[in-house]
Amino acid sequence: IGGVRVLHLHQDQFIYLHNEIMNNINKYKEWVLFEQPKAYIWDKEKEEFYKELDMDVQTKDSNYTSIHYVIKPNKDSFVTCEIQVRTLFEEVWGEIDHTINYPHKTESIACREQIKVLAKLVNAGTRLASSIFNSFQEFNSKKGH
């Protein structure tokens, strides 16, 4: 198995990445899915969005957030590649959580609580980044750019 992580600035960019990955599967036939794409979430508000994209949505009590596609070059191949897609905010949270909780979860209640708070801040930061880019796009379209 190989792996690739694709990072993006804000959540509105995700649909473009998803469409490109799925085009390589459905339209161009360059890849095949090894398993159904998975959306790991903790924010239930996002669940319906991912289900509409035909993803297996799994809620993580750990506050982990990421989208995973496992692909193969063809149906007979034993070689797989996992593509993980997440925002830069989610990547930072993941690296902090991994450092503190891997390979063993921390016994520090304070650290566990702070990581939960950080997950909520990351979620807010991701939403704010999308809002900023949407406002910027709207402003520029009114100016005629």
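Taking the conditions exactly as written (at pLDDT below 95 and among the hydroxyl-bearing types (Ser, Thr, Tyr)), does residue 66 satisfy them or not?
Considered against the rule, which asks whether it is at pLDDT below 95 and among the hydroxyl-bearing types (Ser, Thr, Tyr), residue 66 comes out as no.
Note down all Cβ pairs under 8 Å where the first residue falls in region 125-139 and is closer than 13 Å to residue 86 by Cα, the second is modelled with pLDDT of 95 or more and among the hydroxyl-bearing types (Ser, Thr, Tyr), and they're at least six residues apart or on different chains.
Note: pairs meeting the criteria are 126/87.
Go over the candidates 90, 95 one by one and state the one that is open to solvent by less than 40 Å² (accessible area, probe 1.4 Å) and within 18 Å of the chain's Cα centre (by Cα).
Criteria check complete, one pass: 90.
Report yes if residue 19 is in a helix (DSSP H, G or I) and either at pLDDT below 95 or more than 28 Å from residue 121 (Cα to Cα) (or both), otherwise no.
No; evaluated as a whole, the condition is false for this residue.
Considering each residue of region 39-81, count those that are over 27 Å from residue 111 (Cβ atoms) and not hydroxyl-bearing (Ser, Thr, Tyr), and give that number.
20
So which of 74, 123, 26 is farther than 24 Å from residue 3 by Cα and out of contact with any His (no Cβ under 6 Å at 6 or more places or on another chain)?
123
Quickly run through region 53-87 and pick out the residues that are surrounded by 15 or more Cβ atoms within 10 Å (Cβ to Cβ) and hydrophobic (A, V, I, L, M, F, W, C).
Those that are surrounded by 15 or more Cβ atoms within 10 Å (Cβ to Cβ) and hydrophobic (A, V, I, L, M, F, W, C): 53, 55, 57, 67, 70, 71, 81, 83, 85.
Quick test for you: out of 119, 110, 39, pick the one residue that is open to solvent by 40 Å² or more (accessible area, probe 1.4 Å) and of a type in the set (A, V, I, L, M, F, W, C).
Within the list 119, 110, 39, the selection yields 110.
The values are calculated or read from the model by the stated rules, or taken from the named source; none is laboratory data. Keep in mind that what you see is a predicted model, and the values were worked out from it rather than measured. Note that we place each Cβ from the backbone using ideal geometry, even for glycine, and neighbour counts take in every protein chain shown. The accessibility values were calculated without ligands, DNA or RNA, using every heavy atom of the protein model including side chains. Shrake-Rupley method; radii C 1.70, N 1.55, O 1.52, S 1.80 Å.
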